[in-house]
Structure formats: structure tokens, C-alpha cells
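Quick note: the coordinates plus some simple rules give every number you see, no bench work behind them. Here the structure is a predicted model, which is why all the values come from computation and not from measurement. We place every Cβ from the backbone using ideal geometry, glycine too, and count neighbours over all the protein chains shown.
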Amino acid sequence: MSYLVAILMLALPVTAIEDTDQFPTGPVVELSGTITRVQVVRGQGMPFLEVEHDGETARVHLGSMRYLLQHNFSPAAGEKVEIEAFRRNRNELVAKKVTLVKQNKTLALRDDDGRPLWQRGRYGRSEGQGQGRGKLEAEGKQ
């Protein structure tokens with residue numbers, strides 16, 4: 001029984017990592033519309049917008065709440081929006097870039113490969129913020 005529990009405990013973190021690290025792979029689409037709902041609540045998963053466009057409603061996943069706050073990105077229901085996003089399915093998108101028309105504010109969220117911009121440096125790139133200690137910390141030197 002304890003063997004089964006150990007296997008399950010090891011499997012759970014791997015599953016969570018796979019879910020959050022998966023990059024969008026669908027085609028990139030552009031749409032313009034009106035925000036009908038904003039879901040930006042701490043602890044409620046990835047923030048998203050519901051956008052009405054061409055007689056349909058699409059759910060547009062944004063990104064890290066921290067990233068949105070750092071960039072003072074504050075969408076509002078009723079606001080016109082222009083979106084460049086990866087399509088997951090007919091009405092579900094993952095935002096690459098979002099422009100809030102009234103505020104004249106554009107926020108880039110992902111690169112051309114779908115990698116989140118708030119996770120720079122995490123995928124073998126040296127685009128971090130320079131606050132780590134690199135090899136010194138790994139070698140035990142402080």
C-alpha cells in the first residue's frame with residue numbers, strides 16, 4: 001500500500017508540470033471584439049477574458065497574474081480589444097498579444113513559439129533578470 005502511495009505522490013508533480021509547461025500549438029489567429037467577462041482573481045487559475053466577436057464568444061487565456069500586475073494590465077468588461085492568439089479549439093484561445101483599444105495599451109504574453117514571456121530564462125535562454133547566482137550557487141559557493 002505504501003508503495004502505491006509513493007508512486008502516486010511522484011506522479012502528481014509530473015502531471016502538474018506537464019499541464020502548465022505545455023506551449024500552445026494551434027494556428028495563430030487575430031480577432032477584434034468586446035470583452036464581456038474578465039476573470040482575473042488570485043487563486044482562481046490563469047486569468048482569462050471572454051470576448052464577443054463576429055457573433056461568437058471566445059475564451060482567451062492570458063497568463064501569469066503576477067505578469068499582468070507587473071505590466072499594469074487591467075482589462076474591463078465592455079472594452080474593445082484586439083487579440084493575436086494561438087487557437088486551442090473553436091472558442092478557446094491562448095493570448096500571444098492583447099491590445100486594450102481604449103487604453104491604447106498592448107501587452108505581449110508569449111513569443112512566436114508560444115513560450116510565456118514571464119518565464120524567460122527557464123527554457124535554456126539567458127534572458128533572466130540577472131538575480132540568480134548561476135554556477136556559484138550550484139557549486140556550493142556563496
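What the table shows:
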quantity	calculated
Estimated distance in nm for a label pair at residue 30 and residue 44, the labels positioned 7 Å out from Cα along Cα-to-Cβ	3.1
Simple spin-label estimate for residue 91 and residue 56 in nanometres, 7 Å along Cα-Cβ	0.9
Under-5 Å amide H pairs with residue 120, H placed in peptide plane, nonlocal only	none
For region 24-116, the spread of Cα positions along each principal axis, largest first, Å	29, 28, 25
